[in-house]
Amino acid sequence: MKLVSYLKNEHEQLALLVNGKLYDTDSLHPDLPISMAMFLNYWEDVFPIAQMAEKHIKEGGFENKRTTPFEEATIIAPVPNPTSCRDGYAFRQHVAAARRNRKVDMIAEFDQYPIFYFTNHNSIQGPGDIVCMPDHFEKLDFELEAAIVICKHGKNIKAAEADSYIGGLMIMNDMSARRLQMEEMLLNLGPAKGKDFSTVIGPMLVTLDELENFEVPCKDGHTGKSWNLNMTCTVNGVQVSKGNLADMDWTFAEIIERCSYGVNMYAGDVIGSGTVGTGCFLELNGTGKLNDPNYQEQWLQPGDVVTMQIDELGTLTNTIVADESDFSILALKKL
């Protein structure tokens with residue numbers, strides 16, 4: 001099932017996406033919620049109803065229902081107001097390349113446990129403009145990722161059961177202002193300001209039943225579902241990144257296990273995978289300069305169009321826009 005949040009009369013509306021058309025949930029059954037937050041909070045009750053409605057649509061039912069073409073709708077983040085947002089560090093290829101480029105050894109702890117950081121859940125957005133302040137353009141970067149959303153409450157969730165807590169998958173672009181990130185992390189705390197201005201998810205949430213045919217075994221020694229889904233990112237139409245979701249070393253199930261240790265997880269919590277190998281300019285620039293000292297670094301600029309695609313999860317497109325303000329926090333640093 002593909003679940004989409006869009007603006008209808010300037011208000012959030014949840015819909016099923018079937019054959020390019022959006023079917024408002026509340027028009028399909030009186031018990032289906034109008035918002036993603038309500039849908040997630042009552043997941044076990046409403047998910048079967050939504051499945052039946054989708055089946056009826058595909059069998060030719062609801063022909064007289066008013067629909068909205070997906071391409072004409074104002075799509076917002078599928079989970080517009082997450083209860084929290086964490087981002088993992090699951091792809092060994094990305095971590096190893098980034099450390100190699102800095103000429104440091106691969107860190108042994110990566111293979112011992114999955115890690116994550118909290119980012120600003122109030123800065124979640126969907127397709128469209130990403131408005132950046134002047135300091136953000138000091139090495140502005142994308143990060144090609146996937147994300148999940150939790151669909152039921154849990155605590156101390158074991159990896160073997162954790163997949164049942166996943167509502168679905170979506171594309172994530174973990175935007176990064178690298179200069180801010182690197183400067184603040186010199187103090188061994190963060191990332192914070194380098195990450196908190198925009199995290200993009202969308203354009204839809206795809207439930208796990210829709211992805212069963214793409215399931216593959218996870219890496220040896222790991223637990224949880226894995227999916228063979230190609231991932232790409234283009235900037236202004238030029239492909240810069242390519243990977244596969246099956247390349248995750250740590251599974252979402254294992255990340256959930258660690259996230260939920262001693263902590264309540266709630267329906268609406270979003271968790272990112274971390275960056276796929278080659279999935280950001282920081283890694284690409286580092287590799288380029290390692291191989292060629294004259295390599296010209298590339299960073300995102302105003303007007304750039306970032307397009308991410310993951311098989312079965314759709315296409316997420318954003319345009320980088322400069323804020324009108326000239327305010328700089330970098331200029332406030334004490335000398």
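The values are calculated or read from the model by the stated rules, or taken from the named source; none is laboratory data. Here the structure is a predicted model, which means the values were calculated and not measured. Cβ coordinates were reconstructed from backbone atoms using ideal geometry, including for glycine residues, and neighbour counts include every protein chain displayed.
Miscellaneous remarks
- Residue satisfying all of: in the range 286-305; over 17 Å from T234 (Cβ atoms) and out of contact with any helix residue (DSSP H, G or I) (no Cβ under 7 Å at 6 or more places or on another chain); surrounded by the most Cβ atoms within 10 Å (Cβ to Cβ) among these: G288
- Filter result for E44 (over 18 Å from V206 (Cβ atoms) and either assigned to a strand (DSSP E or B) or in contact with a Leu (Cβ under 6 Å, 6 or more places away or on another chain) (or both)): no
- Of all residues in the range 306-335 being among the charged types (D, E, K, R) and over 18 Å from M175 (Cβ atoms), the one that is surrounded by the fewest Cβ atoms within 10 Å (Cβ to Cβ): K334
- Condition check for R99: over 21 Å from L28 (Cα atoms) and either free of Cβ contacts under 8 Å to residues at least 60 places away in the same chain or more than 18 Å from the chain's Cα centre (by Cα) (or both): yes
- Within the range 184-199, residues that are closer than 24 Å to P127 by Cα and in the same structural domain as E145 (by TED's automatic domain parsing) sit with their Cβ atoms under 7 Å from residues that are basic (K, R) and surrounded by 13 or more Cβ atoms within 10 Å (Cβ to Cβ), at 6+ positions apart or across chains, in these pairs: G194/R178.
- In the range 156-179, the residues that are among the small types (G, A, S) reach residues that are surrounded by fewer than 24 Cβ atoms within 10 Å (Cβ to Cβ) and part of a helix (DSSP H, G or I) with C-beta atoms within less than 7 angstrom, at least six apart or across chains, in these pairs: A159/E254; A159/E257; A162/E257; G167/W43; G168/L208; A177/D135.
- Failed item in (1) under 20 Å from the mean Cα position of the chain (by Cα); (2) buried (at least 16 other Cβ atoms within 10 Å of the Cβ); (3) under 19 Å from A246 (Cα atoms), with F110 passing the rest: (1)
- Residues that are crowded, with 22+ Cβ neighbours inside 10 Å and either over 19 Å from the mean Cα position of the chain (by Cα) or part of a strand (DSSP E or B) (or both) within the range 188-228 comprise T199, V200, I201, G202, P203, M204, L205, V206, W227, listed in sequence order.
- Unique residue being in the same structural domain as M308 (by TED's automatic domain parsing) and under 16 Å from the mean Cα position of the chain (by Cα) when the list is G279, G262, G237: G279
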